[in-house]
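Just below is one structure, and these are the notes that go with it.
The values are calculated or read from the model by the stated rules, or taken from the named source; none is laboratory data. In this text the structure is predicted, and so the values were computed from the model without any measurement. For neighbour counting, all protein chains shown are included, and Cβ atoms are generated from backbone atoms with ideal geometry for every residue, glycine included. Remember, those area values only see protein heavy atoms, side chains included, never the ligands or the DNA or RNA. Shrake-Rupley method; radii C 1.70, N 1.55, O 1.52, S 1.80 Å.
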Amino acid sequence: MPLADISGYLEVLDSVRGFSYLETARGVLRRGAAGCVSNPREKPGYVKALYVIGAVKIPVGEGCSYTLEELGVYDIGGAPDMVFSSPLDLFTRGKPTPLVRSRLQLPGGVRLWLKLEWYNPFSLSVKDRPAVEIVSRLSRRVEKGSLVGDATSSNFGIALSAVARLYGYKARVYLPGAAEDFGKTLPRLLGAEVIVDPEAPSTVHLLPRVMKDARSGGLVHVNQFYNDANFEAHMRGTAREIFVQSRRGGLRLKGVSGSLGTSGHMSAVAFYLQSVDPGVKAVLVQPAKDASIPGIRRVETGMLWINMLDIDYSLAEVTLEEAVEAMAEVARSDGLIIGPSGGAAVKALAKKAGEGELEPGDYVVVVPDTGFKYVNLVKQLL
Ligand code: PLP
């Protein structure tokens, strides 16, 4: 049996330290194939590299090699009938999230595709993915009934509150005063405790308090900002889906665009796709100085993965007004109500296209959530 289920080897995941396994992952993606190993337990970095790119099989043996397709990397869909045995099954098999060709015209032959992350079931956002990966890994070592928590701008708090409960944990979320109402209210509906700090200028400013509560006992801090399960969830999920969807959909993928909070999802998307093809461009949104766009921040405010990993990217400055303007443009061309961080990413791509910096072809914008959550913000600017 040269192909074994990778699920039998996952206990090694947490023993792999550092990022060197990502070089192996990059090599496998670039070659489009992985060689066999005689004993995967002796090669934890290899197991992790294959797991993170989304392989469901691991090749065990000598002198053989298997393609990404044979390793199950292309198996991104699960439930054509849309019947699910549980809410977690809905998250896992209700995939991929849609990739839609937008009708919005951008200059220079740039064809826009939207990856709609509000199709995730718990927080209606991209943040379900790290919440499920983080909590499911935690469940291998943390007792049921424990209290888990984190600082969040809104979406991760909702995802964490939902997923923690499904795994038998209690949740507490910490938000800055400026967070949107949905982020402060919906975790309570999900049975979580909510702490709002009106003094905290942004989410990262809450971290010292969360860490203090973790040190003084009673709280397991899941730390979405530094927990590699965040980045890895997006490698296996968001990034792999874009890779497979663009191949199957016949796209000439030239680039991606998106926004940064923890930098988890866009670091993974850029790393994965540039591993397959180093020519893929990554355009990242930089909220203009003093602009406040929900869920995202400037790269110089300090982020782990985008700064640590070998990723080639360019930044485009976008104001809140421009982000909402792009929400309106997409709404009026496609009938789709995307959130402000998605609007900012569309605007960033449009700016680069307008400056003649992008070659013609297909570009994917990751839309982290839906505009339905931001009615109060939109009505002030429309
Ligand atoms: N957009 C929205 C609406 C978000 O809630 C977040 C994160 O919370 C992001 C973008 C940024 O995502 P990431 O933390 O993966 O960088």
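Backbone amide hydrogens, once placed in the peptide plane, bring residue 110 within less than 5 Å of 361, excluding anything fewer than 5 places away on its chain. Here each label is just a point 7 Å from Cα along the line to Cβ, and for residue 119 and residue 103 those points are 1.9 nm apart. Each Cα pair under 8 Å and six or more residues apart adds its sequence gap; the mean of these over the residue count of the stretch 127-229 is a relative contact order of 31 percent. Using a cutoff of 8 angstrom between alpha carbon atoms and counting only pairs six or more residues apart, the relative contact order for the stretch 3-67 works out to 48 percent. Taking amide hydrogens as placed 1.01 Å from N in the peptide plane, the amide H of residue 171 sits under 5 Å from those of 148, 193, each at least 5 positions away in sequence or on another chain. Once both labels are positioned 7 Å from their Cα atoms along Cα-to-Cβ, the gap between residue 321 and residue 334 label points is 2.5 nm. Counting only lysines at least 8 places from residue 43 when in the same chain, those with an alpha carbon closer than 26 Å to its own are 57. Hey, could you get me the Stokes-Einstein D for the chain, Kirkwood radius over alpha-carbon pairs, 25 °C and 0.890 mPa s, rounded to whole µm² s⁻¹? Estimated diffusion coefficient is 116 µm²/s.
Of 11, 321, 193, the residue with the greatest mean-square motion in the GNM of the chain, using alpha carbon springs below 10 Å, is 11. Beta bridges assigned by DSSP with both partners in the chain are antiparallel in approximately 25 percent of cases. Straight-line cross-link partners of residue 373 among the lysines, defined as a Cα under 29 Å from its Cα and at least 8 positions apart when in the same chain: 95, 115, 127, 170, 184, 289, 347, 351, 352. Across the chain, the relative contact order, built from alpha-carbon pairs under 8 Å that are at least six residues apart, equals 16 percent. Applying 1/(1 + (r/R0)^6) with r as the Cβ-Cβ distance of residue 70 and residue 382 and R0 = 45 angstrom yields a FRET efficiency of 0.35.
Amide H contacts under 5 Å for residue 120: 125, restricted to partners 5 or more places along the chain or on a different chain, H placed in the peptide plane at 1.01 Å from N.
Coupling constants for the stretch 6-13 follow from the phi torsions by the Karplus curve (6.51 cos²θ - 1.76 cosθ + 1.60, θ = phi - 60°), and in residue order they are 5, 4, x, 10, 6, 5, 7, 3 Hz; glycine and proline get x. Of the solvent-accessible surface of the chain, computed with a 1.4 Å probe and all protein chains present, 51% belongs to carbon and sulfur. By the helix-only formula, in which each DSSP H run with n ≥ 4 contributes -39500 (n - 2.57) and the sum is divided by residues, the chain has a 222 nm mean residue ellipticity of -10500 deg cm²/dmol.
Approximating the spin labels as points 7 Å out from Cα along Cα→Cβ, the residue 205-to-residue 357 distance works out to 3.0 nm.
Heavy-atom accessible surface of the chain, averaged per residue, reaches 41 Å², computed with a 1.4 Å probe.
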